[in-house]
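Structure first, then comments.
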Amino acid sequence: MKPELWPSVETRGELAPAEFEWLHTNGAGAYSMSTGALMHTRRFHGMLVAALDPPLERYVLLSHAETTVTTRKRVYSLSTHRFPDVAPTPGYRLLSSFAQDPLPRWTYKLGAASFERTLALVRGKNVLVIRYVWRGKFPAKLTVKPLLSMRPIHELQREGQGLVQAVRLRPGRVVVRPVRELPPMVFGHSGMFMGSPDWWRRFEYTADQRRNVHYQEDLWTPGTFELALRPGEPTYLVVGLGEIPETEPSELMAQTENFLRALDPGKEHSLAVRALHIAAEQYRVADCERPATIAGYPWLGVRTRDTLISLVGLYLVPGLVEQAKHVLATVTSAHRGGLLLSGMKESSTPNESPSVDASLWLFETVRELVKITGPSDDFVQQRMLPLLIGIFDRVTRPTPAMVWLTDDGLLETGGDAEALTWMDSFARGQLVTPRRGLAVELQALWSRGCDTLAMLADESGNSQLAHRARAARDATRSAFKKCFWCEETNYPYDHLDATADPLATSAIRPNALIALSVDPEMFERWQAQAIVLQARTRLLTPKGLRTLDPGHPQYVGYYEGGMEDLRAAYHQGVVWGYLLGVFARAALRLEPDDFELQMDLRDSILAAMNHGPTLGQVSQLASGDPPFVTGGSPAQAWSVAEFLRTLQRELGR
């Protein structure tokens, strides 16, 4: 199957082809997301999920808009839901197709007539516009019953949690404020509203159920809208938090549609590259006071590591250099003790902690930025260089705490902090993949980072700092070459720790490949060839790279079970799609003119693109064993970013 610029699915009244997910965002943290049948399978799904403090503090406000069309002869209920111990309600049987071209659009077959519903989020605002078009011989009546959640995305609503019927009616407006702590919900319409507050109970979310977390929710409605349907004439319902624009709904939809169509870079690029340019926009948050990158939908927020790894593909490859600077300014604005924090705090989540590897990734991201701006760029010199100096001073501080240098110049981590490497994952109260000590990819990030710092210090005229940075770089590279190669595996040690199990330290993981792609000067050519060969043989799959060699006794091949099982499998064999980009850079550096390799890499990326659960997006994870079922976040920033970076920059396709 080839990539589609604007994806579409023919469902023809069947449920299975309508269980894919779709995603639509507003550039400020708000989103709409569900399945093709609009049958929510996750607590995170909703028609209007608003960002109260853009880009975060996200709330599911409008979960559903229960829709019924009444003609002269029949009443058609279009909704599909799951409730306990019964089959899904049958609205999907009327659904003939879904298309996102570029707005999410559903077409229903209602007897000899058809009915179309289209959604658009207003750019930069917590406002949803729904357009209904009736294509029948005679007029019909539309009833829409909004079902509200009014809660943070990670929680669930229950009947009796204090929602109140406080309704104000104005010409063409209904204002409802069921939760006093939140701004009111405003509905703009051209029909009648009949207040009839009620609870709809026990909606079931099957994806949550599979993860052994609470999966039933009660939703509340303030009443019902009645709208007239005239053949061929659009009818609108506008839903917003706090207020809705005075602009005509048709114009609001046109603005969003025109913006999305303009994302297509044109036919001079391959269809896959064009599709990835469009997918990349879903993660860019530019229309708010804190420009940022959403790490993944629907539950991931703003993560520093994810942002820095994604920035090249999401911003620099499309030429959005100024946006990239704004995002860097946001994500680096919070730091503690010389280290960047692991992310921005989402509503009702614990405070973020300092992150070692995110701090080191900043050097690599700035290096990529400098390739475009040059080292004398004001933003680089005035905003980034002081941060890099602070991280350098923190690591080289004599007193060890969380991260420090050994006597021979290697970078060591320790302590109870969670954010030391990207493979930190806790399950059942324990660290699943402990990599304290000397992690292989952190050595490369540090040595390459010192090289970047020396370059920028030279540009600023600080020769003393440049000398210190180069000395640290050379010491790390020299010490690394003496102790990190494992003769038994013909592959670098994953990490060195005298207290760890030798099976863990010598495990074949993709971290050595990350190290090779970041700083090839750490390795001899024969070592680089061995790393790429081992990665190709033991780790590479059609969806990305495994996080552990299948021959290892701790390998977990399938990503399934409850939340604790999933966390335990993250880095014990589960495939991560973004690692295809890492593999491509390492392999192409060795054989830049190998046409067969280029075709293999392209085909791998196309295969990974075309089997995700969300239309037009790339998922976070997949199982390590066939059939490599996708999992994790169904739409992941660094997967999209690395695929776009690889196809357009490394492969020129």
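Residue by residue, here is whether (1) surrounded by fewer than 16 Cβ atoms within 10 Å (Cβ to Cβ); (2) of a type outside the set (S, T, N, Q) holds:
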{"site": "F187", "(1), (2)": "no, yes"}
{"site": "D208", "(1), (2)": "no, yes"}
{"site": "R211", "(1), (2)": "no, yes"}
{"site": "E233", "(1), (2)": "yes, yes"}
{"site": "V239", "(1), (2)": "no, yes"}
{"site": "G242", "(1), (2)": "yes, yes"}
{"site": "E246", "(1), (2)": "yes, yes"}
{"site": "M253", "(1), (2)": "no, yes"}
{"site": "T256", "(1), (2)": "no, no"}
note = Per the filter on the range 368-399, residues assigned to a helix (DSSP H, G or I), of a type in the set (K, R) and either over 22 Å from D458 (Cβ atoms) or open to solvent by 50 Å² or more (accessible area, probe 1.4 Å) (or both) are K371, R383
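Given T80, T70, T25, which one is within 29 Å of A113 (Cβ to Cβ), touching a helix residue (DSSP H, G or I) at 6+ places or on another chain (Cβ under 6 Å) and not aliphatic (A, V, I, L, M)?
On the way: T70 fails: touching a helix residue (DSSP H, G or I) at 6+ places or on another chain (Cβ under 6 Å); T25 fails: within 29 Å of A113 (Cβ to Cβ).
Every option except T80 fails the conditions.
Within the range 74-98, which residues are part of a strand (DSSP E or B) and surrounded by fewer than 20 Cβ atoms within 10 Å (Cβ to Cβ)?
Pass one, the range 74-98, residues part of a strand (DSSP E or B): 75-77, 95-98.
Once the filter is applied, which keeps residues that are part of a strand (DSSP E or B) and surrounded by fewer than 20 Cβ atoms within 10 Å (Cβ to Cβ), the range 74-98 yields V75, Y76, S77, S96, S97.
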Members of the range 1-33 found to be of a type in the set (G, A, S) and under 20 Å from M253 (Cα atoms), listed by number = S8, G27, A28, G29, A30, S32
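Quick check on the range 457-475. Is at least one of its residues within 24 Å of M344 (Cα to Cα), aliphatic (A, V, I, L, M) and without any contact (Cβ under 8 Å) to a residue 40 or more places away in the chain? Full working, then the answer.
From the range 457-475, those within 24 Å of M344 (Cα to Cα) are none; that's our starting set.
There is no residue in the range 457-475 that is within 24 Å of M344 (Cα to Cα), aliphatic (A, V, I, L, M) and without any contact (Cβ under 8 Å) to a residue 40 or more places away in the chain.
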task = Evaluate the range 415-434: report whether one residue or more is open to solvent by 10 Å² or more (accessible area, probe 1.4 Å), farther than 30 Å from R567 by Cα and either in a loop (DSSP other than H, G, I, E, B) or of a type in the set (S, T, Y) (or both).
result = no
inquiry  = All but one of (1) over 17 Å from L445 (Cα atoms); (2) in contact with a Lys or Arg (Cβ under 9 Å, 6 or more places away or on another chain); (3) open to solvent by less than 10 Å² (accessible area, probe 1.4 Å) hold for A504; state the number of the condition that does not hold.
reply    = (3)
inquiry  = For a quick check of your reading of the model, give me the residue pairs whose first member lies in the range 543-571 and is more than 21 Å from R211 (Cβ to Cβ) and part of a loop (DSSP other than H, G, I, E, B), whose second is among the β-branched types (V, I, T) and open to solvent by less than 30 Å² (accessible area, probe 1.4 Å), with beta-carbon atoms closer than 6 Å and at least 6 apart or on different chains.
reply    = D549/I508
request  = Taking the residues in the range 71-92 that are in contact with a Leu (Cβ under 8 Å, 6 or more places away or on another chain) and in contact (Cβ under 8 Å) with a residue 60 or more places away in the chain as candidates, determine which candidate is nearest to S8 (Cα to Cα).
outcome  = Y92
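If you go through the range 400-413 one residue at a time, do you hit one that is assigned to a helix (DSSP H, G or I) and modelled with pLDDT of 95 or more? Let's see the steps before the verdict.
Going through the range 400-413, the residues assigned to a helix (DSSP H, G or I) turn out to be none.
Looking through the range 400-413, none of the residues is assigned to a helix (DSSP H, G or I) and modelled with pLDDT of 95 or more.
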task = Would you check if there is a residue in the range 354-367 being within 27 Å of L438 (Cα to Cα), surrounded by fewer than 21 Cβ atoms within 10 Å (Cβ to Cβ), of a type outside the set (D, E, K, R) and at pLDDT below 95?
result = no
task = For residues that are closer than 12 Å to T25 by Cα and open to solvent by 10 Å² or more (accessible area, probe 1.4 Å), tally how many sit in the range 282-312.
result = 4
ask   = Does the range 261-295 hold any residues that are in a helix (DSSP H, G or I), touching a helix residue (DSSP H, G or I) at 6+ places or on another chain (Cβ under 8 Å) and of a type in the set (D, E, K, R), and which are they?
value = E281
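So which strands (runs of 3 or more DSSP E) are wholly in the range 152-260 and hold at least 2 residues that are of a type outside the set (K, R) and at pLDDT below 95? Outline the logic, then answer.
Numbers: elements: 167-170, 173-176, 185-188, 192-204, 216-229, 234-241.
Answer list for the range 152-260: 167-170, 192-204.
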remark   = Given the conditions (1) open to solvent by 40 Å² or more (accessible area, probe 1.4 Å); (2) of a type outside the set (S, T, Y); (3) closer than 25 Å to R602 by Cβ; (4) out of contact with any Phe, Trp or Tyr (no Cβ under 9 Å at 6 or more places or on another chain), every one holds for P520 apart from (1)
message = Quick check on this structure: which one of A444, A472 is open to solvent by less than 40 Å² (accessible area, probe 1.4 Å), touching a Gly at 6+ places or on another chain (Cβ under 8 Å) and in a helix (DSSP H, G or I)?
response = A472
inquiry  = Which of the numbered conditions does Q527 fail, given that it passes all the others? Conditions: (1) among the polar types (S, T, N, Q); (2) touching a helix residue (DSSP H, G or I) at 6+ places or on another chain (Cβ under 8 Å); (3) surrounded by 15 or more Cβ atoms within 10 Å (Cβ to Cβ).
reply    = (2)
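The values are calculated or read from the model by the stated rules, or taken from the named source; none is laboratory data. All values derive from a computational prediction rather than experimental measurement. Reconstructed Cβ throughout: ideal geometry from the backbone, glycine too, with neighbour counts over all protein chains shown. Just so you know, the surface numbers come from the protein's heavy atoms only, side chains and all, with ligands and any DNA or RNA stripped out. Shrake-Rupley method; radii C 1.70, N 1.55, O 1.52, S 1.80 Å.
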